[in-house]
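A short worksheet on the structure shown next.
Readers should treat all values here as calculations from the given coordinates under stated rules, not as data from a laboratory. Since we're looking at a predicted model, the values are computed, not measured. All Cβ positions, even for glycine, are placed from backbone atoms using ideal geometry, and neighbour counts span all protein chains on display.
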Amino acid sequence: MLLERAAYPSDVSGRITRAEAAHVARLARLRFRDEELDELAAQLSAVLDHAADVEALDVTDIEPTSHPHPLVNVMRADEVRASLERDEVLAQAPSVDSGQFRVPPILGEAP
């Protein structure tokens, strides 16, 4: 079965049978028509073939990374800068109460 193959990642070669494709579909709680199972088996086999290609690559001199590009801090600095005036923004709101946007109550909250 496919689960047995997954337990041994170094052995990803081989074709997926129709029964294995049906088993994977059942595990994923998916229903396929009989004619779709053949296509699913072919697609799963292609995924395993690609995994075998990746596994065959020589990566002994490649350092492990979590991201292909070095990232230090991708967030912008938190600095005060000019923005819209409060009165200008509130003037465009459909409803305002005590200098704040007034929104309809949600989840049964009292107004």
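Some points to look at:
- Computed packing ranks the peptides 39-45, 88-94 as 39-45, 88-94, most packed first, by mean other Cβ atoms within 10 Å.
- Relative packing of peptides 66-73, 51-58 - highest average C-beta neighbours within 10 Å first: 51-58, 66-73
- For segment 15-82: rounded, prolate or oblate by the Cα gyration tensor [a/c cutoff 1.5]: oblate
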